[in-house]
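This report refers to the structure that appears directly beneath it.
Read-outs throughout are calculated quantities, based only on the coordinates presented, and are distinct from any laboratory measurement. Because the structure is predicted, anything quoted here is derived from the model rather than measured. Cβ coordinates were reconstructed from backbone atoms using ideal geometry, including for glycine residues, and neighbour counts include every protein chain displayed.
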Amino acid sequence: MLDEVSEMSLTMQVKLLRVLQEREITRVGGEEVIKIDVRLIAAKIIKGFSPQAMDRLLKYAWPGNVRELINAVERCVVLSRSEYLTEEELIFLKDKAAPAEPRSPADPAVGVSSLGEVEKDTILKIVKMVGGNKSEAARQLGITRRTLHKKLKSYGLM
C-alpha cells in the first residue's frame with residue numbers, strides 16, 4: 001500500500017518506478033537480482049457519486065447485474081481524480097436505458113450517495129424483486145447466501 005508517494009524524494013520515486021516497471025529488486029549491498037511479483041495499492045479516498053454520475057448509474061440497464069455494477073464502480077475509483085465519482089468516469093457505460101420503473105437507490109436530486117448506500121439499496125431491491133428468496137437474491141448478486149445474511153444483518157434488517 002502506497003500513500004503520499006508525492007512526499008517521497010524524487011530519487012526514491014525513480015527507484016520505486018523502476019522496481020514497479022522491471023519487477024525486480026537488488027538488496028542493499030547485494031548483487032543478486034531478485035524477481036518480484038507484487039500488487040500495488042494506492043490510497044484513493046472516494047466520498048461518493050456526483051448527482052450526474054448517480055443519474056447515469058440509475059439510467060443504465062445493468063445487463064450484467066450487480067457484478068457489472070461492482071466492476072463499473074471499481075473502474076471509476078481507479079480513474080477518479082477527485083473525492084466524488086463523476087459522469088466523466090462513467091463514459092464507458094454506453095447508453096443502455098433502464099426500464100421505465102425507477103431503479104433509484106438514492107434520489108440524485110437530493111445529493112451524493114455513498115457506496116455503502118448504493119450497495120444496501122441494491123441488495124434490498126434484489127431481495128424484494130425475488131420475493132424475499134435469500135438464496136436467489138444471493139445468486140443474482142453474485143455473493144454467497146452467508147455473505148448476504150451478514151450484509152442484511154449489518155444493515156439491521158435481520
Practice task
Enter the mean projected area of the convex hull around the alpha-carbon atoms of segment 115-158, in nm², rounded to one decimal.
Solution key: 2.6 nm²
Handout entry: Kirkwood-based shape ratio for segment 21-83, expressed as Rg/Rh from alpha carbons
Key = 1.25
Practice task
Excluding residue 114 itself, calculate the net charge of residues whose Cβ lies under 13 Å from the Cβ of residue 114, where each Lys or Arg counts +1 and each Asp or Glu counts -1.
Solution key: -2
